Each structure stands twice: as C-alpha cells, then as structure tokens.
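No value in this document is a laboratory result; all are computed from the given coordinates. Fair warning: this is a prediction, and the values are worked out from it, not measured in the lab. As a convention, Cβ positions derive from the backbone with ideal geometry for all residues, glycine included, and neighbour counts pool all protein chains shown.
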Amino acid sequence: MLLGAPGSGKGTQAEMITRQFGIPVTSPGAILRREKDLGTALGLKTAETIQHGGLVPDKIIVGLIEDWLRLHGGHGFVFDGFPRTTPQAKSLQQILQRHRTPLELAIWLDVSEQTVGDRISSRLQCRSCGFTTSATSAVFASRPICPYCDGPLVRRMDDEAAVLKHRLEEFNTKTQPLADFYKELGVLRRIDGNRDREAVFDDVSGLIEQAA
Ligand code: ADP
C-alpha cells in the first residue's frame with residue numbers, strides 16, 4: 001500500500017509501481033474526478049468538497065475502496081491517497097481481515113511544504129486518463145497533450161494556492177497521525193520524497209522487492 005504524496009513529475013510513484021510490478025493501483029481522488037466529469041450523483045455530491053480542498057466523508061471513501069477491492073484486489077493492490085484519516089485506516093484493517101489479506105507495506109513519502117508547493121504549481125493532469133506530469137517538462141509546456149491517450153493536459157482547480165493551503169491543513173491535522181498508526185502495525189517505511197522521481201522510485205522499488 002502506498003500513502004502517496006502529490007504527483008512528482010511524469011506520472012506518480014503509484015503509477016510507476018503499476019508499470020514496473022503490475023500491481024493494480026487505485027486512488028479515490030482520481031475516481032471522484034472521473035465521477036464528476038461523468039456527471040454522476042457521487043461526482044456532483046463530492047465536487048464542492050474537493051474544490052475547496054476538504055476531505056470527502058470517510059463513509060463514501062471507504063465504500064469506494066471496498067467496491068474496488070472486491071472487483072480488482074485479488075492480485076495485490078496499491079492505494080494512492082488512501083487512507084487519509086484514522087477512521088479510514090481502521091476500516092481498511094477490518095476490510096482486509098474479512099478478505100484475509102495482510103497489509104504488507106505502508107510507504108510514507110516525506111515531502112516538504114516547499115516541494116509540494118513547487119510541484120503543484122506546475123502540475124498538469126490529463127482530463128481523460130488522469131496521467132500526471134509537470135509543465136516544467138518542455139515537451140508538455142509547448143504541447144499540452146497526453147502522451148498516452150491524446151487527452152488535454154490541464155491544471156487541477158484544487159491545485160490553486162488558496163485551496164492547496166487548506167489541503168495541507170487537512171493533511172497536517174487528519175492524515176499525519178497515520179504515520180504512528182502504521183508504525184505501530186510494523187509496516188511503515190519512510191522515504192525522502194524531495195528528490196527526483198527516479199531516485200525516489202529506486203527506494204520505493206527496493207522496499208517492494210524486500211516485501212515480496
Ligand atoms: P493529490 O494527488 O494531489 O494528493 P488526490 O487526487 O489524492 O490529490 O485527492 C484530491 C482530493 O480528493 C482531496 O483533496 C480530497 O478532497 C479528495 N480525496 C481523495 N482521497 C481522499 C481520501 N482518502 N479521503 C477523503 N478525501 C479524499
């Protein structure tokens with residue numbers, strides 16, 4: 001399992017894990033953005049909270065994860081951006097017990113607020129498939145088109161500075177306590193996420209290989 005930091009340049013660490021190890025990844029943020037684009041009741045109900053940088057209610061998020069696990073979780077899983085609160089983490093433990101699936105790894109990417117601000121101010125995301133990259137990458141700055149599906153690469157509305165400030169407050173109060181939660185379970189590994197994506201991914205891969 002991965003506790004993800006914001007996108008690191010050319011695809012998130014979670015996307016890189018899926019490519020390298022073939023472990024399926026899910027991210028509640030990506031699911032909810034898609035639901036909003038499709039205009040579903042769930043997408044519309046949660047859009048305002050996301051737009052303001054708040055956290056979506058635990059019950060909704062846990063329901064999404066449970067559904068996803070039932071459909072895709074038979075051969076391992078990576079969660080990106082889940083859990084983000086202690087109640088979510090406790091619910092996940094109960095779900096995994098029911099599925100008789102042990103949690104092998106919680107990777108905590110330590111990223112400074114400076115790094116988060118720098119990455120998010122230049123982050124671009126594909127509206128169609130969710131591929132994440134950076135406008136600092138010259139090829140995308142001049143032609144903001146997704147290399148995977150030709151969708152438009154755009155800035156996320158919740159990446160605006162004022163919204164980011166609220167997201168960081170939510171992280172500090174509600175998500176930070178999960179470091180101790182997973183440390184007590186004996187699965188927490190911390191990685192310095194301020195380095196470039198390849199250096200971070202070398203460490204992430206090493207942890208996954210050790211756990212295998
Ligand atoms: P990032 O990749 O920048 O961390 P995400 O795509 O993971 O952003 O999340 C975007 C938004 O979706 C969050 O700010 C929050 O509103 C909502 N969200 C995503 N995951 C969760 C979660 N586990 N619990 C509550 N809200 C969530």
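Here are a few things to note about the model shown:
- Going by neighbour counts of Cβ atoms within 10 Å, the residues Tyr148, Tyr182 line up, fewest first, as Tyr148, Tyr182.
- Put in line by how crowded their Cβ is, counting other Cβ atoms within 10 Å and starting with the fewest, Val154, Val187 read Val154, Val187.
- Note on Arg127 and Leu42: their simple-model spin labels are 2.3 nm apart, each label 7 Å out from Cα toward Cβ.
- When the chain is treated as a Gaussian network with alpha carbon springs shorter than 10 Å, the biggest mean-square fluctuation among Asp110, Asp202, Asp192 belongs to Asp202.
- Separation of segment 105-170 from segment 72-99 is 24 Å, based on Cα centroids.
- Rounded to the nearest 0.05, the FRET efficiency derived from the C-beta distance between Asn172 and Ala141 at R0 = 30 Å is 0.40.
- ³J(HN,Hα), Karplus 6.51/-1.76/1.60, whole Hz, each residue of segment 161-176, x for Gly, Pro: 3, 5, 5, 4, 4, 5, 4, 5, 5, 4, 4, 5, 8, 9, 9, 3
- Taking 0.36 nm per residue of separation and subtracting the Cα-Cα distance, full extension of the segment from Ala161 to Gln93 would add 21.1 nm.
- With an a/c value under 1.5 for the gyration tensor axes a ≥ b ≥ c computed over the alpha-carbon atoms, the chain is described as rounded.
- Over the chain, DSSP H runs of length four or greater, each weighted -39,500 (n - 2.57), average out per residue to a 222 nm ellipticity of -15000 deg cm²/dmol.
- The residues Asp180, Asp118, when put in order of fewest to most other Cβ atoms within 10 Å, stand as Asp180, Asp118.
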